[in-house]
Amino acid sequence: MRMVDLIEKKRDGKELSKEEIDFIIKNYTNGDIPDYQMSAFAMAVFFQDMTTEERANFTMAMVESGDQIDLSAIEGIKVDKHSTGGVGDTTTLVLAPLVAALDVPVAKMSGRGLGHTGGTIDKLEAVEGFHVEITSEEFIDLVNKNKVAVIGQSGNLTPADKKLYGLRDVTATVNSIPLIASSIMSKKIAAGADAIVLDVKTGAGAFMKTTEEAEALAKAMVDIGNAVGRNTMAVISDMSQPLGFAIGNALEIKEAIDTLKGEGPKDLEELCYVLGSHMVYLAGKAETLEDARAKLQEVIKNGKALEVFKTFLSAQGGDGSVVDNPEKLPQAKYVSDIKAEKDGYVSEITANEIGTAAMLLGAGRATKESEIDLAVGLMLRKKVGEKVTAGEAIVTMYSNSENNEEVAKKVLEAYSISSDPVTAPPLVYKEIK
Ligand code: URA
Ligand code: CA
C-alpha cells in the first residue's frame, strides 16, 4: 500500500477500507508517513468527508494506536460524560458524585486545563490535599468502594489523535466533522467507557456556532459510538453564555457544593438533571428517564449526593470538610465588581472571552508551564435576558493582584447588551440517540 494512492482515493471522494485506514493510522503514528502526506489526507477528508463506516474505523484505529484502559474489574456499566464546550463548566463536578450516589460507577480519567478552558483536576485540587496521582489498582478499588474516583490522564492514550490534532491545528483542518467526531470519540473509548453521554454545545462561544452544525457533530459522534458497541447519546445545549455563575477553580467547587445541596444556579442544576438522567438510564439504574430524574432529585434532597462528594474528596486525600465549610477553600485577596457601561438587556456572554478573562486573573494556564491560582475567578451576576442599568455590577471579580484593568476590559467585551428586551435562549435544544 502507498500513502499517495490513499490520498488520491480520498481526494476523489472514494471510500477507504478498514485495512487502508489502519495502514494510515499505524504508519502515521510510527512516523513512516510524514506530516506533509497526512496534511494532504486531512484536507482531502475535510472536503470529501467520510462515511459512517470510515468514521468508525478511523476512530478505532486511533483507539488502537496507544494504551486502552481496562475497567472490566469495576462492577456495572461505566458511563462517561463529555462536553465539547467547557468554560466554567461545573457539570462534571456535580454529576460525578450525583450519579455515583445512585450506584452508577464513575471512573473518570481527567486532564488539566490549558488556555481558557478549566480542567476538572485543577478544580478538584482547590480542595486542600486532594490528588489524582493514584495507581490504576487504587483507582479501580476506589470506584468499586465509593462508586467514584478521578485519575490523571495516562501518557499514551490515542497518540495518533494527539499527533493528528497538532497537525490539523496548523493546516486549517480542525473544523471537520468526521475529524472532530473521531478525535473526541477515540479518547472516550480508549479511556474505557461502556456508554457515553455527550454534551454538545452550540452558540457564539462554542465550536459549533449553529444548532445545525452542533446537531451534525452530535449525530456523527452518536453513530460512531453505537457502531463500535458503546451505547451513546447526545444532548445539544446552549453556549450563548457560560453555564452557572462561577468561573475559576475554588469558585466552581463552591458552586458544585451549592448545586449538590439543591441551592445552585438553575441552569447548571437543570443541565445536570438532563445529562445525569441519561447517565443513570444508560447505566441501567432506572427504567425510564423520568424515573432517573426523580431518583437524582431524591439524592440531592436527602443529602446522599453531597455525602458521596465528601467521601470522594477524602478518599483521594482531600479535606472533605470543605463541603460543610466552603470558606476553607482558597480565598482571593481582592473582591470587586465590574459594572455595566450602559442600560439594556444582556443578549450574549461570549464564553471564550470570559474564559480568557479568568485566565488573565490566573485561574487558567496561558502555557503548559503556568502555575494557576486556585482562589481567583469570576462570578457572573447578570445572565442572558436580564435587565441591567449603567453602573450596576454584572460580574464580581476575585483576584490576588490589585491591577485588573485588562480583565475588566475583556469581561465588558464578552457581554453584549441590547437596548431591546431579550428572551433567554433554551438550555437544551435537542437530544440525539
Ligand atoms: N476536541 C478534540 O478532542 N478533538 C477535536 O478534533 C476537536 C475538539
Ligand atoms: Ca460554572
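The values are calculated or read from the model by the stated rules, or taken from the named source; none is laboratory data. Please read these numbers as outputs of a predicted model, since none were measured by experiment. Here the Cβ positions follow ideal geometry from the backbone for every residue, glycine too, while neighbour counts run over all protein chains shown. For the accessible areas, the whole protein counts, side chains as well, though only heavy atoms, and no ligand, DNA or RNA atoms are used. Shrake-Rupley method; radii C 1.70, N 1.55, O 1.52, S 1.80 Å.
Taken as Cα centroids, the range 186-240 and the range 314-376 sit 27 Å apart, rounded to the nearest whole angstrom.
Other residues with beta-carbon under 14 Å from the beta-carbon of Asn400 carry, at +1 per Lys or Arg and -1 per Asp or Glu, a net charge of -2.
Count Lys and Arg as plus one, Asp and Glu as minus one, and take only other residues whose Cβ is under 10 Å from that of Val99; the net charge is then +3. Excluding same-chain neighbours fewer than eight residues apart, the lysines reachable from Lys342 by a Cα-Cα span under 17 Å are Lys382, Lys383, Lys387, Lys409, Lys410.
Check cross-link reach from Lys10 to the aspartates and glutamates: straight Cα distance under 20 Å, and skip same-chain residues fewer than eight apart. Cα-Cα hits under 20 Å: Glu19, Glu20, Asp22, Asp32, Asp35, Asp49, Glu53, Glu54, Asp161. Expressed in Å, the radius of gyration and Dmax of the Cα atoms of the range 79-324 are 17.1, 52.
Using Cβ point charges alone (K and R +1, D and E -1), the dipole size of the chain about the Cα centre works out to roughly 200 debye. The mean sequence separation of alpha-carbon pairs under 8 Å and at least six residues apart, normalised by the residue count of the chain, gives a relative contact order of 20 percent. Got a sec? Charge dipole of the range 214-323, +1 on Cβ for Lys and Arg, -1 for Asp and Glu; which of Gly317, Asn249, Asn231 is way out at the positive end? The Cα lying farthest towards the positive end belongs to Gly317.
Rounded to the nearest 20, the size of the Cβ-charge dipole of the range 193-313 about its Cα centre is 300 debye, with Lys and Arg at +1 and Asp and Glu at -1. A straight Cα-to-Cα reach below 18 Å connects Lys163 with the lysines Lys26, Lys187, Lys188, Lys368, residues fewer than 8 places away in its own chain not being considered. Backbone phi angles across the range 95-108, fed through the Karplus curve with coefficients 6.51, -1.76 and 1.60 (θ = phi - 60°), yield HN-Hα couplings of 5, 4, x, 5, 6, 4, 5, 9, 6, 7, x, 10, 10, 9 Hz in residue order; Gly and Pro are listed as x. Each listed q (0.19, 0.27, 0.28 Å⁻¹) maps to a log10 I(q)/I(0) for the range 223-270 from the Debye sum over equal C-alpha point scatterers, namely -0.70, -0.93, -0.97. How big is the range 3-48 by the Kirkwood estimate over distinct Cα pairs, in Å? This gives a value of 10.4 Å. The range 74-104 and the range 153-171 have Cα centres lying 24 Å from one another. Scalar couplings 3J(HN,Hα) for the range 60-73, obtained by applying the Karplus form with A = 6.51, B = -1.76, C = 1.60 to θ = phi - 60°, are 5, 4, 6, 4, 7, 6, x, 5, 10, 7, 9, 9, 5, 6 Hz; x denotes Gly and Pro. For the chain, the longest principal axis of the alpha carbon atoms and the long axis of helix 351-361 meet at an angle near 70°. For the range 3-48, relative contact order (Cα pairs under 8 Å, six or more residues apart, normalised by length) works out to 53 percent.
Positive contributions from Lys and Arg (+1) and negative ones from Asp and Glu (-1), summed over other residues with Cβ under 14 Å from the Cβ of Gly111, come out at +2. Calculated mean residue ellipticity, 222 nm, the chain: -13500 deg cm²/dmol, from DSSP H runs (n ≥ 4) at -39500 (n - 2.57) each, averaged per residue and rounded to 500. When you work out D = kT/(6 pi eta Rh) for the range 331-418 at 20 °C and 1.002 mPa s, using the Kirkwood radius from C-alpha pairs as Rh and the Stokes-Einstein form, the result is 163 µm²/s. Counting only protein heavy atoms, what percent of the accessible surface of the chain is carbon or sulfur at a 1.4 Å probe? Carbon and sulfur together cover 49 percent of it. Beyond 25 Å, how much of the Cα-Cα pair distribution for the range 127-260 remains, as a whole percent? The calculated P(r) of the range 127-260 puts 43 percent of pairs beyond 25 Å. Given the chain reduced to its alpha-carbon atoms as identical point scatterers, what log10 I(q)/I(0) does the Debye formula return at q = 0.06, 0.13 Å⁻¹? Listed by q, the Debye log ratios stand at -0.25, -1.18.
For Val388, the residues 5 or more places off, or on other chains, whose built amide H falls under 5 Å of its own are Gly344, Tyr345, Val346. Ranked by the mean number of other Cβ atoms within 10 Å of their residues, highest first, the peptides 99-112, 166-179 come out as 99-112, 166-179. Protection proxy ranking, highest mean first, for peptides 65-72, 138-145: 138-145, 65-72, where packing is the per-residue count of other beta-carbon atoms within 10 Å, averaged. Note that the chain presents 41 Å² accessible area per residue, ligands and nucleic acids not counted, probe 1.4 Å.
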